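Data block below; observations after.
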Amino acid sequence: MEDAHTEVDLFTGGKAGVGRQSLFGVSCGATAYSQPPDETWEGTPENTVPYSALTVLHKTPGSDGMVWIALPDNAPMDMTVTANGFHHYNAGATPQKYTPVVTANSVPLDPDIVVDGATNFWVGQNMAFSVSGLPDYVDSVQHWTLPGNYVNESYAYSSVCTSYRKNTDLLTNLSTSCWYVDKVDAGTASIGMNLHFSNGQDVSIAALGKFDMIKPKVSWVGTQPGTIAVDINFERSTSGEPWLHFGFWLPDNPPESQDPGTKCTLDAGGLNGTLFSDLQLITSFSSEFCKANGQTTHLSGSGRDDSGLLAAYTNFYFDDPGAPLPAGYVHVTDTGSFQTFLMFKPADSSSGASIAVPLKFIAWDWSGVADDLSSGWSLTSSSKHVTISDQDTTTFPVWSNIVTQTSGYTTTTDTNCN
Amino acid sequence: MLNAFHFPSRLLAGNVAVANYFYRNAGTTNIDSDLLAELRQTTTYPPTSGYDDYGADTILYPCVQRDTDTPDLGYHYDPIDYLADGLTVEPGATLTLTNGAVLALTSTNITVGGTLNTGQQMTNVEVEEEQSAPFDVLIGGNASAAYTDADGNGLPDWWEQYYFGTNGLDPNASYDGNGNSLLYDYLNGVTTPNVIAFSIGAANEFVNVTNPSVQLNISSGWPSYYAVLINDSTTTNWLAYSSSNLTVNLGTTDGVYRVNIGLEGYSTNTPPVWSDYRFILDRIAPTVTITNPVIASGAATVIKPYLQLQGFAGEPLLGLSYDISNAMGIATNLDAFVTDQHFDTNAFDFTTNWFQAYDVPLTNGVNRLTLRVADRAGNVTVTNFNVTLDYTHATNPPVVTLIWPQDGMAVSGTNVTMRGTMSDETGTVAAQVVNGDGTTNMINGMVERNHMFWLENVPLNGTNQISVQAVDAAGNVTVTNFIVETNSLTLTIDSTPGGHDLYQPSGSVGGTVSYPSATVTVNGTTATVDAEANDDGTYDWTADDAPIYGQGTATFDAVANTSGGGGGASANASSAVEMGATWRVVKYHSTQHKDVYDPTGGAYWNYTTTYNAQIHAAGRNTYQGTDTADWDAGWFFHGQQKIDWSDSNPGTLTGDWWDEAEYTFTDEPIEDIGLPSFKSVPSANILGGDGLSDNYVFHYYADGVDYQAND
């Protein structure tokens, strides 16, 4: 009577990056032969071997005959099916390889290189990461690891400010999304998953993919071309009253004749300027208006600057703060310090998916003192500084207050004229 | 104490009422009804041997068949179910004869210390027989009770007792092996209603205990007794059968044990049936040798952050796992795999098993590993050792070897894939490419476990200065600078084998070349270049049998050379195709060369493939066989046609003798076409007449796998 032994090998194929694995579903089956009726195997009674008696790749198939297992790529290994307790049997196993692929905005990413479609993601663009290429499973537990600097949740920083932050809890979703705030060169997004299959088996598998994240190469340079003056040469001097002001932007003047206080010049690196915007925080401001009798009104505050701020032109933004010099007052001061952010919001086919992310900021300040002398209002002293210019930032500006021309600041009255 | 014996040959007075009476069921029911009724209370069967000493409560049922079916011809007798020399009912015991059972005694030696419930009568009789009366006492014997069916299942009690030794059977159950119900068997006079058939199963034929359990899978019959024989033992100890789960006692020494189990029924019509099972008692844990890393005094030091844990065991393995504990934490029950097995043709079993745990992640410092290896019997060997990752020992920069392209090579195409090897598979590789126009690109590559590195989609233009920087895990750097040119001779690779065909040794590769007289080779095989130009002015080339190289990724390197009108130029192109997963039989060993059945285990090959086969009569220098037999693929793969070994002149050959055949099929299930079978090879034609012993080996190469069949 013939006896025979067989060894079957599985070749997992693919490029064997160290530590890289693919998911395999191995379908097993075996038929056992009992006592042959004569000297050949022809006509030997046969029975199906229960799956629970089979072993392949050191695993026992589930009730559906499947073994789910993560295996390294490009590795040969024994895949001989063993029917435990049976002497003569005909067994086989058919493997199916599943290579999980990380997709970013539906672009399949490659674990080794940045594919063409993954080279032009922009900061601020909504990035939806998911994984494809998996078989059906019952449920899963997973955790994403994303490279670089990103936020993935909007939240109410204050009643007047919505901001963004990183919430690591969201990285446990099967699909996760985020907005990048900084560039990534060939960064790797990865997901580790524990898949639970209908036959009760669990497999841990990982997938990864490389992508680039582009951050616009821009400059945001702060200058202060304007002068601090006391006169009526100011756009808000609508009735001819004098102002203590830092530069001006008169509506009727051509741009080359303007004299803004602080000017933030954008070099957009060839990008469309409409993708950029600015946002200015008033770090602090204070003004006082003193009458001759010593009665003094104090104004102060901080928050997002929302008044008379910054008209957008093709390549620069400006601010020209100032304080009125009303009749009946003899001494006026105005002091402010500011951070002016350059924000970038990429065009996005998904409406509302992109957000404006900070790229740069400028810090600057000014101050001026005007006194009503016998000859009229006169600039007594002044200062101006750009303390930080063209500074990269990935920190979202936040505020708890909005300062307008008429609100968002505190007003007190006393006799303490400084 | 029951001291009777089973299944004696039976003979009754006058040698008439015998078990295999010739005229049984040869009569007719078309007779007088009173006579028919009378016959049904008689029998043509002899009594069974009864016990003469009853020490425990016992109920005797009728067990001799009354002629209740088609009447027998010939003499009919009053039924006697049990025949004994005397009767003793021990004190405290009760003997009950019920349902018309009859006990005949050949003496008047009756001692009833306990209770005797006949239910009927006890008489001294003079048997009206031709010979002298053999019976002195008849106990019981209400003839009409032969029809008693106390359990109401349609089967007379005597019939159930006779064949199965019990009452209350399910009349719809079948124990005759033919699927007929008990009621059918009774009504049709089937004399073999209890035919036992069974097989033996066990959780594992390899065991590490001397008393393994077996399961009897009874496909037919109602066993009443069982016996177990181990190896060559012959003493049969029949025991009452009560469960299909048995424990068998093997010997005290490790080795092969053949377990024979017999089952038999209650009636002599159910003779013993035997089935066997083989256990391999193995109580020795596998011997394990770890080859990588090299361990000395329980520890090893490495310079790479991923370990390929490799080793071998001296026997087949059924379980492999490892744990690792390091600064990152503890991970347990991680998978390791058998990568190859050695087949010992003398033992006719697999022996050495090589194994590997792939890509074991290490951290700086000490990593504690525990390797568990289990053999087929469940014996486990646990090996503990420490692996220290220490980069300070990595003093040499990585060794880098370029494979394609080579320095100075003229390459066709604007984006190519470069490949080579580096000694540290856990390191990184990148290339800086400065094109002829000054454009500079940085390309990150990947390194495979087998040390192959790939730099994909490398842009080329003009004369390209390429600098490959390989960095090992310790930070040592090797920079390899070379130049790749492009020229006007274009060469493309447009088609290669795909899918599972990439695992074939060769395949068809095609592309174009810009010069018609160019000589194109692919992986060393010369291609055929079409003389007719394409619309774009190129010329197609094809190599039908180009070797397929690579492991996990197939590579095709093409070279075009021109001379004369082509200006003596050359161009190179390469294509790398990632291979999917596949499987194949890598070893098949048969004790006979004549029956090579389905070595893939019944699975389907659902792709196009080509088989190459050879028969190699190794070590022989003379043959009476043909040396040029042209194997027919149809014969070879359908196994029906016989190779014509006699059509040529039997010759005397020198040295090894080979022949080969090739067959290609597409998308056919292997069951339908069968694998190449040697069963129709007339071995005598190969080896006869040379006076040498039959020691040749058939080699069958399928998909690069060597199947061997020894004579």
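Only the coordinates and a few stated rules stand behind these numbers; no lab work does. A quick note: this is a predicted structure, and the numbers were derived from the prediction, not measured. Every residue, glycine among them, receives a Cβ derived from its backbone with ideal geometry; neighbour counts consider all protein chains shown.
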Exercise. Once both labels are modelled 7 Å past Cα along the beta-carbon direction, what's the A:Asn167-A:Val138 spacing in nm?
Worked result: 2.9
Problem set entry | Amide N proximity, region A:73-98 versus B:Arg278 label position 7 Å along Cα-to-Cβ, cut-off under 16 Å | A:83-90
Problem set entry | Test item: Cα-centred dipole of region B:59-101, Lys/Arg +1 and Asp/Glu -1 on Cβ, debye | 120
Seminar exercise, completed: Full extension between B:Thr210 and B:Asp344 adds, at 0.36 nm per residue less the Cα distance, a length in nm of 45.6 nm
Problem set entry | Ratio Rg/Rh, restricted to region B:148-220 and using Cα atoms, in which Rh is the Kirkwood radius | 1.18
Exercise. How far apart, in nm, are the 7 Å Cα→Cβ label points at B:Ala150 and A:Ser204?
Worked result: 6.6
Exercise. What is the distance, in nm, between label points placed 7 Å from the Cα along the Cα-to-Cβ direction at A:Gln295 and at B:Val477?
Worked result: 7.5
Seminar exercise, completed: The FRET efficiency for B:Asn249 and B:Ser219, from their Cβ-Cβ distance with R0 = 25 Å and rounded to 0.05, is 0.45
For this session: Mind grabbing the base-10 log of I(q)/I(0) for region A:296-418 at q = 0.17, 0.19, 0.22 Å⁻¹? Debye formula, identical points on the C-alpha positions, no solvent, two decimal places.
Result: -1.03, -1.21, -1.44
Seminar exercise, completed: Set A:Lys166/A:Lys217; A:Lys183/A:Lys345; A:Lys215/A:Lys345, cut-off 19 Å on Cα-Cα distance; pairs above it are A:Lys166/A:Lys217
Problem set entry | Calculated FRET value between A:Thr404 and A:Asp212, using beta carbons and R₀ = 41 Å, to 0.05 | 0.50
Seminar exercise, completed: Once B:Ile330 and B:Ser508 are pulled to full extension, the length gained, defined as 0.36 nm per residue separation minus their Cα-Cα distance, is 59.1 nm
